[in-house]
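Peer 1: First, the structure itself, so that you have it in front of you.
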């Protein structure tokens with residue numbers, strides 16, 4: 001039986017959803033115009049005034065916001081509420097010396113936690129469940145978001161944060177956790193650790209809510225098989241609130257976007273042209289209920305497809321596909337566009353593990369790519385010759401997928417560093433050469 005956290009909202013008619021969006025967009029736009037000098041200037045520079053936007057159909061007239069804008073306006077430039085009204089900040093890691101900082105009023109926190117509660121209920125969560133949250137806490141949004149959502153549902157919440165795997169496994173078994181929330185790479189690591197310690201038959205998990213990094217369908221099936229669960233995707237960005245922007249239902253065929261809080265578009269990442277539903281493009285989100293930090297037409301760099309096909313779960317929110325990569329982490333090797341997810345698909349289809357690393361280098365003027373992947377227990381007892389045969393087989397499969405040669409190295413188990421947060425999949429040494 002399908003369960004909902006807020007049924008009337010999650011199953012609202014398309015007409016009702018559009019009515020909410022139109023009303024909330026205009027209210028938020030006026031709020032931003034009145035209180036945010038940075039975005040008001042961007043609008044004026046583009047030749048757009050508040051009255052030029054009368055509905056969602058006019059959204060395209062507004063200027064985009066990017067992560068560069070957030071860094072330029074750091075720390076307070078994109079706030080649209082007095083600091084005295086704010087109760088929290090969350091932040092992403094910074095790579096240019098300036099972090100991305102997002103602000104929240106208490107109402108913002110409550111709405112965010114409701115979005116996460118919808119995700120937990122969609123994954124089968126009830127007040128009788130024990131939710132183990134292994135996302136990082138502190139400035140990272142993963143832990144606080146799912147923690148708050150779990151409280152809203154009424155679950156017993158284990159606020160584990162990331163790391164300390166021994167303690168994770170102890171609490172998972174002793175307190176009989178039923179829902180696991182973490183990155184997919186950490187879920188795979190926990191599964192591996194359970195098997196090594198002979199504890200697989202001691203867990204009571206039924207579902208997992210995994211996000212914060214890209215993962216393939218092949219990795220989903222591998223985690224589901226090893227943990228005996230149903231694995232659900234969740235999506236979000238700190239800039240928008242955190243996890244819970246969209247979530248997967250039991251159909252597992254895309255994530256429902258919480259359209260009462262966010263308007264979504266897909267655009268051509270090169271031209272900025274808005275694309276019709278069903279076409280692959282960059283996701284752009286507009287916050288329509290946030291008070292402290294509402295972003296209008298925020299470019300995520302995530303590549304996905306939108307679908308409005310009827311869902312068997314009864315939810316009427318538009319669905320987004322699992323992100324197919326990012327326009328800014330796409331590797332260009334010998335003139336060919338390569339996404340890490342393509343490589344992961346090949347490795348998992350060939351029965352290898354999700355513990356891999358992609359090393360890109362440049363010899364003179366020529367790019368090179370090496371894929372290091374840990375051997376499975378079956379391969380560990382094979383001869384050197386048979387391992388070399390497997391490497392050539394995977395090399396051929398990658399060439400078929402990517403169109404270029406990639407060296408494949410099957411390495412010893414545990415030789416690739418494990419991550420208790422987001423996995424480091426790509427090492428691009430070309431950046432060292434400028």
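The rows are residues; the columns are (1) surrounded by 15 or more Cβ atoms within 10 Å (Cβ to Cβ); (2) modelled with pLDDT of 85 or more; (3) under 28 Å from residue 257 (Cα atoms); (4) out of contact with any strand residue (DSSP E or B) (no Cβ under 7 Å at 6 or more places or on another chain).
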{"site": "322", "(1), (2), (3), (4)": "yes, yes, yes, no"}
{"site": "342", "(1), (2), (3), (4)": "yes, yes, yes, yes"}
{"site": "351", "(1), (2), (3), (4)": "no, yes, no, yes"}
{"site": "358", "(1), (2), (3), (4)": "yes, yes, no, no"}
{"site": "361", "(1), (2), (3), (4)": "yes, yes, no, no"}
{"site": "365", "(1), (2), (3), (4)": "no, no, no, yes"}
{"site": "369", "(1), (2), (3), (4)": "yes, yes, no, no"}
{"site": "372", "(1), (2), (3), (4)": "yes, yes, no, no"}
{"site": "375", "(1), (2), (3), (4)": "yes, yes, no, no"}
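Peer 1: Follow-up. Given the condition part of a helix (DSSP H, G or I), surrounded by 23 or more Cβ atoms within 10 Å (Cβ to Cβ) and within 22 Å of the chain's Cα centre (by Cα), answer yes or no: does some residue in the stretch 156-169 qualify?
Peer 2: So in the stretch 156-169, the residues part of a helix (DSSP H, G or I) come out as 165-169.
Checking which are surrounded by 23 or more Cβ atoms within 10 Å (Cβ to Cβ) leaves us with 168.
Restricting the remaining residues to those that are within 22 Å of the chain's Cα centre (by Cα) gives none.
Checked against the condition, which is being part of a helix (DSSP H, G or I), surrounded by 23 or more Cβ atoms within 10 Å (Cβ to Cβ) and within 22 Å of the chain's Cα centre (by Cα), the stretch 156-169 yields no hits at all.
Peer 1: Quick one: which residue in 187, 214 is in the same structural domain as residue 103 (by TED's automatic domain parsing), over 22 Å from residue 111 (Cα atoms) and either assigned to a helix (DSSP H, G or I) or at pLDDT 95 or above (or both)?
Peer 2: Being in the same structural domain as residue 103 (by TED's automatic domain parsing), over 22 Å from residue 111 (Cα atoms) and either assigned to a helix (DSSP H, G or I) or at pLDDT 95 or above (or both) holds for just one of 187, 214, which is 187.
Peer 1: Scan the stretch 388-424 residue by residue and report those that are in a loop (DSSP other than H, G, I, E, B), on the phi < 0 side of the Ramachandran plot and free of Cβ contacts under 8 Å to residues at least 60 places away in the same chain.
Peer 2: Let us first name the residues in the stretch 388-424 that are in a loop (DSSP other than H, G, I, E, B), namely 403-406, 412-424.
Narrowing the set further to residues that are on the phi < 0 side of the Ramachandran plot leaves 404-406, 412-413, 415-424.
Correct list: 405, 412, 413, 415, 417.
Peer 1: Can I ask one more? Which is at pLDDT 95 or above and within 22 Å of residue 23 (Cβ to Cβ), of 231, 292? Walk me through how you get there before you give the answer.
Peer 2: Numbers: 231 fails: within 22 Å of residue 23 (Cβ to Cβ).
The unique qualifying residue is 292.
Peer 1: Does the stretch 49-58 hold any residues that are touching a helix residue (DSSP H, G or I) at 6+ places or on another chain (Cβ under 7 Å) and either within 29 Å of residue 99 (Cα to Cα) or touching a residue at least 24 places away in the same chain (Cβ under 8 Å) (or both), and which are they?
Peer 2: 53, 55, 56
Peer 1: Does residue 37 qualify as being under 20 Å from residue 292 (Cβ atoms) and assigned by TED's automatic domain parsing to the domain that holds residue 243?
Peer 2: yes
Peer 1: Enumerate the strands (runs of 3 or more DSSP E) found wholly within the stretch 222-324, keeping only those where 2 or more residues are under 30 Å from residue 352 (Cβ atoms). If you could, list the steps in order and put the result at the bottom.
Peer 2: Values: elements: 230-237, 242-248, 255-257, 262-267, 281-287, 298-304.
So the answer is 230-237, 242-248, 298-304.
Peer 1: For the stretch 325-335, how many residues are in a strand (DSSP E or B) and free of Cβ contacts under 8 Å to residues at least 24 places away in the same chain? Please lay out each step first, then the result.
Peer 2: Residues of the stretch 325-335 in a strand (DSSP E or B): 326, 331-333.
With the extra rule that they be free of Cβ contacts under 8 Å to residues at least 24 places away in the same chain, the set shrinks to 332.
Residues that pass the stated criteria total 1.
The values are calculated or read from the model by the stated rules, or taken from the named source; none is laboratory data. Bear in mind the structure is a predicted one, so any value in this text is a computation, not a measurement. All Cβ positions, glycine included, derive from the backbone under ideal geometry; neighbour counts span all protein chains shown.
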